[in-house]
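Taking it in order: structure first as structure tokens, then the write-up.
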Amino acid sequence: MNSLRSLVALLILTSTNFAQQSQTQITALEPGKPIDQTIAADETHSYTLTLAAGMHGLLRVDQKGTNLAVTVLSIDGKNLRVADLDATGVPERLSLVATDTTQYRIELKTTGRLGKTHDYTITLSDVRPATDQDRARVEGEKLL
């Protein structure tokens, strides 16, 4: 009986550790390669992306059945931007312009209809040299 309890305890610890590892896994975003995922209410999904100095990138998160908050952080964890303007079903969009070669961490969290899992698609696109209009768009988005 004690060996059965030990085995059950080991399985619970292993599955808990696996769940924690999967929540903290960081996936690299590549331009033009959408990533489809499912997120639960208590999860945070993390991504990284790198932009060279002077480059623009458009981050788009298609929210399917829930509202997601998108946070852009520096690689050392400094909060740079948050987007949670659009309702369920409307994509969150963030323009990024790197002044220096920069690696960003992107975090997604559910803000609506807790207790369920929801699908989303995250895409990095429009990676190209930044224009003055791109820089103005970034400044405008920061004001929102």
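The values are calculated or read from the model by the stated rules, or taken from the named source; none is laboratory data. What you see is a predicted model, and the numbers here were worked out from it, not measured in a lab. Reconstructed Cβ throughout: ideal geometry from the backbone, glycine too, with neighbour counts over all protein chains shown. In case anyone asks, the SASA skips ligands and DNA or RNA and just uses the protein heavy atoms, side chains included. Shrake-Rupley method; radii C 1.70, N 1.55, O 1.52, S 1.80 Å.
Does Ser22 meet the test of being surrounded by 15 or more Cβ atoms within 10 Å (Cβ to Cβ), among the small types (Gly, Ala, Ser) and either at pLDDT below 85 or within 14 Å of Tyr120 (Cα to Cα) (or both)?
No, not satisfied.
Does the range 90-110 contain any residue that is open to solvent by 20 Å² or more (accessible area, probe 1.4 Å) and small (Gly, Ala, Ser)?
So far as the range 90-110 goes, no, none of its residues is open to solvent by 20 Å² or more (accessible area, probe 1.4 Å) and small (Gly, Ala, Ser).
Could you grab me the full set of residues in the range 117-142 that are open to solvent by 20 Å² or more (accessible area, probe 1.4 Å), over 11 Å from the mean Cα position of the chain (by Cα), closer than 19 Å to Val90 by Cβ and not small (Gly, Ala, Ser)?
Asp119, Asp126, Arg137, Glu141
Being at pLDDT below 90 and under 26 Å from Leu143 (Cβ atoms) narrows it down to one of Gly65, Gly57, Gly112, so name that one.
On the way: Gly65 fails: under 26 Å from Leu143 (Cβ atoms); Gly57 fails: at pLDDT below 90.
Exactly one residue qualifies, and that residue is Gly112.
Filter the strands (runs of 3 or more DSSP E) completely within the range 79-144 down to those with at least 3 residues that are closer than 11 Å to His56 by Cα.
Working: elements: 79-83, 92-97, 102-110, 117-129.
Fully inside the range 79-144 and qualifying: 92-97, 117-129.
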